[in-house]
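Q: Sharing a structure below in structure tokens format, with a few things to ask.
The values are calculated or read from the model by the stated rules, or taken from the named source; none is laboratory data. These numbers come from a predicted model, not from an experiment. Cβ sites come from the backbone with ideal geometry, for glycine too, and all protein chains shown count toward neighbours. Please note that ligands, DNA and RNA were not included when accessible areas were found on the heavy atoms of the full protein model with its side chains. Shrake-Rupley method; radii C 1.70, N 1.55, O 1.52, S 1.80 Å.
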Amino acid sequence: MSSEVTAWGKWDCTRCGQRDISGRDKRCPSCGDPREQHELDAMRPPDDFDAAAITAPDELSLAHDGPDWSCRYCGSNNRASAPTCESCGGGRDGTPPPPPPEPAARSSWLRRLLSHPRRWIVGVLLALVALIAWCTIDHEFAGKVVGLRWTHTTTLQRWQDVNRGDWQSAVHARAGVLPRAGRGEAAGVRITGCREKHHHDESYACGTENYQASESYSCGSTQSCSSRSNGNGSFTRSCTSVPRTCTRSVTRTRTKYCSRPIYRTWCDYVTQDWVPVRSEVVTGEGHDGLRFADLATAGDLERTVQSGAYAVVFSYGDDGETYTRDTPKAEYDGWQAGEDVLVSVDHLHGPTGVRRPNEER
């Protein structure tokens with residue numbers, strides 16, 4: 001079973017701020033300004049359709065007249081059956097309105113057109129889009145290489161015993177091979193003791209249990225209503241009876257699961273590894289004098305390991321801002337102090353990249 005009710009909606013005048021004007025009114029009762037399309041689009045249905053329902057035949061005829069049309073010359077709303085604009089006289093078919101009787105009237109019409117709030121909204125949106133683009137799009141600034149910095153680290157390591165542990169299935173005793181001149185080593189494994197250790201928890205079925213669940217069932221019917229705008233200041237509410245579904249709590253039975261710990265054998269063992277003993281760091285700038293600290297080793301059981309870190313510093317912009325980028329050694333060798341560059345900058349996150357002027361982006 002379905003039913004329909006039609007009622008006038010409510011709109012607000014954007015000229016003077018008058019609120020809750022009946023949708024039947026095409027003009028603001030306070031300032032006389034004609035209703036425009038944006039005010040029709042923002043119209044609200046009545047709070048209580050039943051109390052505001054239109055019953056008079058002439059009122060229903062107006063409400064069912066069809067969607068309003070907007071005058072292309074002044075923007076005013078007019079009823080579907082109106083051949084000309086009530087505000088300016090312009091025709092629905094595009095016939096221009098008659099000339100105003102005096103300049104003052106034309107001035108008033110232009111002032112209303114220019115004060116259209118949508119113009120301000122469009123302007124604000126364009127400004128916001130421009131601001132987002134300025135913040136997120138990369139901009140390139142001319143710059144130079146102003147610094148080349150390197151850091152060399154030499155670490156002395158010693159082949160020595162270390163204590164480790166693992167599950168028995170992964171531990172296998174074996175003899176080790178000592179290094180010669182810091183190379184050719186193989187770690188041995190000597191198990192020093194094993195014990196039971198918690199490995200994981202296991203889930204298993206251990207009977208049944210009752211639990212509460214929700215169950216849906218049919219419990220009559222209810223009204224489902226929706227409203228639609230008729231495009232002329234009125235709204236129609238349609239209601240349909242639909243089956244109603246309720247829920248209730250029921251007791252059900254399910255398999256119960258318990259948890260128990262599972263143990264495995266854990267073994268401690270002694271093996272060998274290269275252990276850092278001490279390190280020395282050498283720093284410098286440019287390409288000349290790159291060197292590593294010389295750490296002496298004592299026999300076959302010691303060795304040295306070398307590592308390097310390299311950075312290039314770029315200056316850019318009118319204020320001489322700097323951008324430091326860590327680079328691999330091969331790239332570091334390719335830069336020269338004083339070299340011209342282009343630095344890409346994101347105004348939200350800072351520098352994002354650098355390239356030579358003759359390189360493509």
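Q: Roughly speaking, what is the centre-to-centre gap between the range 306-361 and the range 54-98 when only Cα atoms are used, to the nearest Å?
A: 66 Å
Q: Taking only protein heavy atoms into account and a 1.4 Å probe, give the accessible area per residue of the chain in Å².
A: With all protein chains present, the chain gives 63 Å² per residue.
Q: Per-residue HN-Hα couplings for the range 219-224, Karplus 6.51 cos²θ - 1.76 cosθ + 1.60 at θ = phi - 60°, whole Hz, x for Gly and Pro?
A: Once θ is set to phi - 60°, the couplings for the range 219-224 become 9, x, 9, 9, 8, 10 Hz.
Q: Could you tell me what percent of the accessible area of the chain is made up of carbon and sulfur, with a 1.4 Å probe and every protein chain present?
A: Whole-percent figure for carbon plus sulfur exposure: 50.
Q: Here is a follow-up. Hey, what angle do you get for helix 117-136 against the long axis of the chain, alpha-carbon based, 0 to 90 degrees rounded to 10?
A: Taking Cα atoms only, the helix is inclined about 10 degrees.
Q: For the chain, give the magnitude of the charge dipole about the Cα centre (Cβ charges: +1 Lys/Arg, -1 Asp/Glu; no others), in debye to the nearest 20.
A: So the dipole magnitude of the chain works out to roughly 1060 debye.
Q: Residues with amide H under 5 Å of residue 199's amide H, sequence separation 5 or more or different chain, H placed in the peptide plane at 1.01 Å from N; which?
A: The list, which skips near neighbours in sequence, is 262, 263, 264.
Q: Once ligands and nucleic acids are excluded and a 1.4 Å probe is used, how much of residue 60 is accessible, expressed in Å² to the nearest 10?
A: We get 50 Å² for residue 60.
Q: Using 7 Å Cα-to-Cβ label points, what is the residue 2/residue 48 separation (nm, one decimal)?
A: Here the answer is 2.7 nm between the modelled labels.
Q: Can you give the local net charge around residue 43? Use residues other than it whose beta-carbon is closer than 11 angstrom to its beta-carbon, Lys and Arg +1, Asp and Glu -1.
A: -2
Q: Pick out, from 292, 18, 314, the residue whose Cα sits farthest towards the positive end of the charge dipole of the chain, with +1 on the Cβ of Lys and Arg and -1 on the Cβ of Asp and Glu.
A: 18
Q: Can you compute 3J(HN,Hα) from phi for each residue in the range 77-88, using the Karplus curve 6.51 cos²θ - 1.76 cosθ + 1.60 with θ = phi - 60°, rounded to whole Hz and x for Gly and Pro?
A: Residue by residue, the range 77-88 yields 7, 9, 5, 4, 8, 7, x, 10, 6, 5, 8, 10 Hz.
Q: Would you mind checking the tilt of helix 103-114 against the longest principal axis of the Cα atoms of the chain, expressed as 0 to 90 degrees and rounded to 10?
A: 30 degrees
Q: Quickly work out the residue 356-to-residue 262 label distance, labels modelled 7 Å from Cα along the C-beta direction, and quote it in nm with one decimal.
A: It works out to 6.1 nm between the two label points.
Q: For the pair residue 253 and residue 202, what calculated FRET efficiency results from E = 1/(1 + (r/R0)^6), where r is the Cβ-Cβ distance and R0 = 22 Å, to the nearest 0.05?
A: That gives a FRET efficiency of 0.40.
Q: Now for a separate question. Explain nothing, just compute: Karplus ³J(HN,Hα) = 6.51 cos²θ - 1.76 cosθ + 1.60, θ = phi - 60°, for every residue of the range 199-209 in order, whole Hz, x for Gly and Pro.
A: 9, 6, 9, 10, 9, 8, 6, 9, x, 10, 8
Q: Moving on. Non-local amide H neighbours of residue 321 (under 5 Å, H modeled in plane, Pro and chain starts lacking H): which ones?
A: Answer set, sorted by chain and number: 316.
Q: Report residue 348's accessible area, 1.4 Å probe, all protein chains in place, as a number in Å² to the nearest 10.
A: For residue 348, the solvent-accessible surface is approximately 110 Å².
Q: Note the full-extension length gain between residue 31 and residue 16 as 0.36 nm times their separation in residues minus their Cα-Cα distance, in nm to one decimal.
A: Gain on stretching residue 31 to residue 16: 4.7 nm.
Q: Which far-off residues, 5 or more places away or on another chain, put their amide H under 5 Å from the one on residue 272, with H placed in the peptide plane?
A: 162, 188
Q: Turning to a different aspect of this structure: Residue 173 versus residue 149, label points 7 Å from Cα toward the beta carbon: distance in nm?
A: In this crude label model, residue 173 to residue 149 measures out at 5.4 nm.
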